[in-house]
Amino acid sequence: MTDITKLPEPGTIILAGATGELGFLIAGFILKRGGVVKALVRQESSNPRVSELRRIGAEIIEVDFADVDELTRACAGGTCFVSALSGLRDVIVDMQMRLLNAAVAAGIPRFIPSDFSIDFTKLPDGSNRNLDLRREFGRKLNDAPIAATSILNGMFTDLLTGQAPVVLFKIKRVLYWGNADQPMDFTTMRDTADYTAAAALDPTTPRYLRIAGDVATIRDIQRAASEATGEKFGTLRPGGLDFLGTMIKITRTLSPQNDEVFPPWQGMQYLHNMLSGKPKMSPLDNDRFADIRWTRIREVLAAR
C-alpha cells in the first residue's frame, strides 16, 4: 500500500478527454489532490465543460489533435499524460499514438492510456472489438520509451442503472446468461476517476493496476437490487453463454452500426466476457491508495 502522505510533490498532469464524463471527473480529483491539470481540448471547442474546467482550476490548452508538433509543445512540463478519450480505431489507436509520440518527445516520464475496462489482457483477440483496440495500442505503448500504467476497473457500476440491460427494474429481474455464481468486477466512474487521479500523481505505479469497487455475482446483484428498492427481485436466464454468443452474431449482422462506439452487440460482447469469468481480476490493487472509499452496487442502485 502506498502512503499518499509520503509521495513526492504533486506534478503537472496533461489530460486528454477532459470534456468527457470520466475525464472531467479525473480533472476534478487531480485538482482536489493538489495536482495541476493542463487539459487538451479541440480548438474553438463549444463543449460547456471547457468553462467548467476553467472554473475548477484547470488550464485549458486548445490544440489540433492531428498535429504532433503542436501536441508536443502543449505537453511541455508534464509529469504524467492521462488519456480519457473514447472512440474507435481513429481515437484509441491513431490519436493515442499521436499523443504518445508527443508525450515522449516532450519528455513526459509516464503515460496512462484510456483503458478503463475489464482485464482485456486475459481475453483472446476477436472476443471484443473495443478491447482489441486497447490491446493493440497497449502493444505499441509497451514498445515506447516511457513508463506506462493501465487502470482496469471492470464494468462501470453506474451502467447497471439503465445502460447495461442487467437489472430490469420494471419486471424486477436480473438478466444473465450462463452461471449466476460467476464473480464479476464493478467500479463506479467516480471511484475510477479518483483512483486514476491518485495514480497519475504517484510516480511509482506498475504497468497494470486492477481495481473493483465491488465484486459480485448475478445472485449478489439480485440481493443488492432487492435491498436497494425494498422489492423482491428474481433472476432471468434466457440461456447459456453459447446462446448469448449466437445472439451477438445475429445482432451484429442485422444491425452492425460499426461506426458507433457502443452499438448493442458491443455491450453484449462485454457482458459475455464478464459472465465467462475470463477477465476476472486477481489480485486487486484497491488498497494502493488508502483514502479511497469504494462504492458498492447496492448504493448505486439505491441512488438511481
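The values are calculated or read from the model by the stated rules, or taken from the named source; none is laboratory data. Since the structure is predicted, the reported quantities are computational estimates derived from the model, not experimental observations. Don't worry about glycine lacking a Cβ; one is built from the backbone with ideal geometry, like all the others, and counts go over all protein chains shown. Note: areas computed on protein heavy atoms with side chains; ligands, DNA, RNA excluded. Shrake-Rupley method; radii C 1.70, N 1.55, O 1.52, S 1.80 Å.
For the reader, a short list of remarks on this structure follows.
- Residue list for region 135-172, restricted to those being open to solvent by less than 40 Å² (accessible area, probe 1.4 Å) and modelled with pLDDT under 95: 164
- Exactly one residue out of 191, 185 is part of a helix (DSSP H, G or I), open to solvent by less than 30 Å² (accessible area, probe 1.4 Å) and touching a Gly at 6+ places or on another chain (Cβ under 6 Å), and it is 191.
- Cβ-Cβ under 6 Å pairs, at least 6 apart or on other chains, region 65-90 side free of Cβ contacts under 8 Å to residues at least 12 places away in the same chain, far side open to solvent by less than 40 Å² (accessible area, probe 1.4 Å): 70/63
- In the condition set (1) in contact with a helix residue (DSSP H, G or I) (Cβ under 8 Å, 6 or more places away or on another chain); (2) of a type in the set (Lys, Arg); (3) more than 27 Å from residue 294 (Cα to Cα), residue 134 is compliant with all but (3).
For every residue, the table says whether it meets (1) under 16 Å from residue 185 (Cα atoms); (2) touching a strand residue (DSSP E or B) at 6+ places or on another chain (Cβ under 9 Å).
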residue	(1), (2)
243	no, no
261	no, no
264	no, no
270	yes, yes
279	yes, yes
290	no, yes
300	yes, yes
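- Residue among 41, 37 that alone is closer than 13 Å to residue 200 by Cβ and either without any contact (Cβ under 8 Å) to a residue 60 or more places away in the chain or in contact with a Ser or Thr (Cβ under 6 Å, 6 or more places away or on another chain) (or both): 37
- Test: residue 132 is open to solvent by 10 Å² or more (accessible area, probe 1.4 Å), in a helix (DSSP H, G or I) and in contact with a Leu (Cβ under 9 Å, 6 or more places away or on another chain): yes
- Look at region 217-235: where a residue is touching a residue at least 60 places away in the same chain (Cβ under 8 Å) and a partner is of a type in the set (Lys, Arg) and part of a helix (DSSP H, G or I), sitting 6+ places away or on another chain with Cβ atoms under 7 Å, you get 224/298; 227/298; 228/298.
- Considering region 132-186, and only residues there that are out of contact with any strand residue (DSSP E or B) (no Cβ under 7 Å at 6 or more places or on another chain) and β-branched (Val, Ile, Thr), the residue that is farthest from residue 234 (Cα to Cα) turns out to be 161.
- Strands (runs of 3 or more DSSP E) fully within region 1-118 that include at least 2 residues being open to solvent by 50 Å² or more (accessible area, probe 1.4 Å) and either in contact with a strand residue (DSSP E or B) (Cβ under 8 Å, 6 or more places away or on another chain) or β-branched (Val, Ile, Thr) (or both): 36-42, 59-63.
Matching residues to (1) among the polar types (S, T, N, Q); (2) over 23 Å from the mean Cα position of the chain (by Cα); (3) modelled with pLDDT under 95:
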site	(1), (2), (3)
46	yes, yes, yes
58	no, no, no
64	no, yes, no
78	no, no, no
84	no, no, no
96	yes, no, no
100	no, no, no
